[in-house]
Amino acid sequence: MALARLFGSSVIDQALLSAANFAVGLILLRYSSETQYSYYILAFNAMMLLTTLQGSFIGTPLVIRLPRLDEAERRQWLGSLLRDQRRWGLAGGLAALAGTALAAWRDALPGEAWPVVPAAIALVLASLYREYFRSVLQIYHRPHGVLAADTLYVAGIVAGAALAVRHAQAAALVLLASTAAAVASGLWLRAQLRGDIDAGAAGGRLREIARAGFWAASGGVVYWLFNQGYSFLTAATLDLGAVAALAASRLLMMPANLLSAGVQKQLAPLASAWLAQAGAAATARRLYGFAAGMGLATLLYAAAVWLMRDWIFLDVMRKDFAERDAMLLLWSALFVLMAVRSPPMLLAILRQRLPELSAATLASALLALALSYAGMLRWGAPGAIVGIIAGEFFYCLATAWLVRREVRRAQIEEGGSRPG
């Protein structure tokens, strides 16, 4: 029952976030220009890159390290990391604003684009603040606090989108509304952790997790390159219209992806406990069971979206992109592969095979980007998805090989530790 409640709350939370992201994208698609929607997507994807970097660099080492610490040590660790993050975030934000001002002064940004950049920087900083506390609450298995804060966040971003969308600078205004919502949600989350974080702790803990964090973050960021970086490659290779078409067809599959991500975040601490208690082989079997379930759920969702595609595109979005059916089928195939690959990958992460995962992710990303570029030159926008699918398939094979190797290594280690 406790497991069901834990995952139930996480599923509800991710469904809420999925619905909100879908609603914001739908509002922009329906009422604003494709250019404004494309700017929003590019800014949102940049924010996802930075929060992925933070979640990998800080979150992955914390999942491994916190269970080994006593309460006082955990409070110091969390306070120190928060201080480090705020310092580095402020420095990075100021540097980004200075670069934006220089680009605007030299007329290096289109007139419609320059207001979006400072709004995106503000959103990134607010999102990093919010995501830090979300990750801590998830590690502590307190999904109800996360759900309450995310409800506040969702209300803010949807209301902001509804109010801003008819303005000529809809993208920038939606990003600013999302910034305000992220700050409010982050303050709520921090209040839930008031007794768990030593606000006066000295900084410096970030250096102690730098090695493990570097490998985790490099893998996460490189994976982002072929999971989200296609939008920037598409903008450079084709045009903003192609960015809008790809993002709109991908938007329909995002609820399945966010559901998978929610399960994954709650699954990581559980898999860590399974590994310690039952060993690598049993953990791998359980994770593959989760993979099968997530793959089937994603496939069923894709089938439902396919049956309703004409109504969604023509009546709800009021957009009829060229080759939309082909793009929807390709995105569906990709999201099934992602759902199947994610749970088993946790075993390699928990066994701290981060350099190997990073190498596999880099190879997958390079393959995906190269084939996406070639695909776009040959088939247009759908070719970008073909390249990403190829990279994801390679990543699935690499993950399966790593899991199999870690199970064998664990069995050898367990055999060697037994008395002769």
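The values are calculated or read from the model by the stated rules, or taken from the named source; none is laboratory data. Small disclaimer: the values here were computed from a predicted structure and weren't measured. Ideal geometry is used to build each Cβ from the backbone, glycine not excepted, and the neighbour counts take in all protein chains shown.
Of all residues in the stretch 252-270, those satisfying the criterion of being hydrophobic (A, V, I, L, M, F, W, C) and more than 21 Å from Leu66 (Cα to Cα) are Leu252, Met253, Met254, Ala256, Leu258, Leu259, Ala261. Screening Leu123 on (1) farther than 13 Å from Leu175 by Cβ; (2) buried (at least 18 other Cβ atoms within 10 Å of the Cβ); (3) of a type outside the set (Val, Ile, Thr) shows it passes everything except condition (1).
Which one of these is crowded, with 22+ Cβ neighbours inside 10 Å, modelled with pLDDT under 90 and either of a type in the set (A, V, I, L, M, F, W, C) or within 20 Å of the chain's Cα centre (by Cα) (or both): Ala216, Ala210, Ala172, Ala181?
Numbers: Ala210 fails: crowded, with 22+ Cβ neighbours inside 10 Å; Ala172 fails: modelled with pLDDT under 90; Ala181 fails: modelled with pLDDT under 90.
Answer to the check: Ala216.
One line per residue, one yes/no per condition, for (1) assigned to a helix (DSSP H, G or I); (2) within 20 Å of the chain's Cα centre (by Cα); (3) crowded, with 16+ Cβ neighbours inside 10 Å:
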{"residue": "Ala23", "(1), (2), (3)": "yes, yes, no"}
{"residue": "Thr35", "(1), (2), (3)": "yes, no, yes"}
{"residue": "Ile41", "(1), (2), (3)": "yes, yes, yes"}
{"residue": "Met47", "(1), (2), (3)": "yes, yes, yes"}
{"residue": "Gly55", "(1), (2), (3)": "yes, yes, yes"}
{"residue": "Ile58", "(1), (2), (3)": "yes, yes, yes"}
{"residue": "Arg83", "(1), (2), (3)": "yes, no, yes"}
{"residue": "Trp88", "(1), (2), (3)": "yes, no, no"}
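Take the conditions (1) closer than 24 Å to Gly289 by Cα; (2) crowded, with 21+ Cβ neighbours inside 10 Å; Pro382 misses just one of them, which is (1). Within the stretch 151-169, the set of residues being under 23 Å from the mean Cα position of the chain (by Cα) and β-branched (Val, Ile, Thr) comprises Thr151, Val154, Ile157, Val158.
Only residues that are surrounded by fewer than 22 Cβ atoms within 10 Å (Cβ to Cβ), hydrophobic (A, V, I, L, M, F, W, C) and over 23 Å from the mean Cα position of the chain (by Cα) were counted across the stretch 367-379, and they come to 3. Across the stretch 241-254, not a single residue is classified as modelled with pLDDT under 85 and buried (at least 22 other Cβ atoms within 10 Å of the Cβ).
Would you be able to say whether some residue in the stretch 145-154 is in the same structural domain as Arg65 (by TED's automatic domain parsing), buried (at least 24 other Cβ atoms within 10 Å of the Cβ) and polar (S, T, N, Q)? No, because not a single residue in the stretch 145-154 is in the same structural domain as Arg65 (by TED's automatic domain parsing), buried (at least 24 other Cβ atoms within 10 Å of the Cβ) and polar (S, T, N, Q).
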